[in-house]
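None of the figures in this text is laboratory data; all of them are computed from the coordinates on show. Given the structure is predicted, the values throughout are model-derived calculations rather than measurements. Glycine also receives a Cβ, built like all others from the backbone with ideal geometry; neighbour counts cover every protein chain displayed.
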Amino acid sequence: MYKLRKYHGNRVQSLTYEKNGRAGSVGIMDAGEYEFGAVEKETMTVCEGEIMVKIGDETEWKKYGKGETFVVPEHANFKLKTEDISTYYCVYG
């Protein structure tokens, strides 16, 4: 089963799925800065573009490019920023 989720005025969209008891999503972000909250651990891999990330109380942005992965711990707030359209793959849990 697939489900389309839209955030921040449709500027971030993800297609979520579940397979063999594991949930994930593929998504696309328009240029901008966005804030989210993770319910469970999220492992995100950049597929295209560059995504800058701040997790929790971090004060410095960390940049991730195509093929790079970062982890957001469960129950953490995080900010994402991109200067152009970027895509990602996310696995939950």
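Tabulated values for the structure
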| quantity | calculated |
| --- | --- |
| Radius of gyration, Dmax [the chain; alpha carbons; angstrom] | 12.4, 38 |
| Relative contact order (percent, whole number), the chain, Cα cutoff 8 Å, 6+ residue spacing | 35 percent |
| Calculated from backbone phi, Karplus (6.51, -1.76, 1.60) coupling profile of segment 50-65 in Hz, x at Gly/Pro | 10, 10, 9, 9, 10, 10, x, 8, 4, 9, 9, 6, 10, 9, 10, x |
| Amide proton proximity set for Asn77, modelled H, under 5 Å, gap of 5+ | Ala38, Gly56 |
| Hz values of 3J(HN,Hα) by residue in segment 7-20 - Karplus curve (6.51, -1.76, 1.60), Gly and Pro given as x | 10, 6, x, 6, 7, 10, 9, 9, 10, 9, 8, 9, 9, 6 |
| Interchain or long-range residues, amide H under 5 Å from Lys41's placed H | Glu74, Gly93 |
| Shape call, segment 39-93: gyration tensor on alpha carbons, a/c limit 1.5 | oblate |
| Dipole magnitude of segment 1-72 about its Cα centre (Cβ charges: Lys, Arg +1; Asp, Glu -1), debye to nearest 20 | 380 debye |
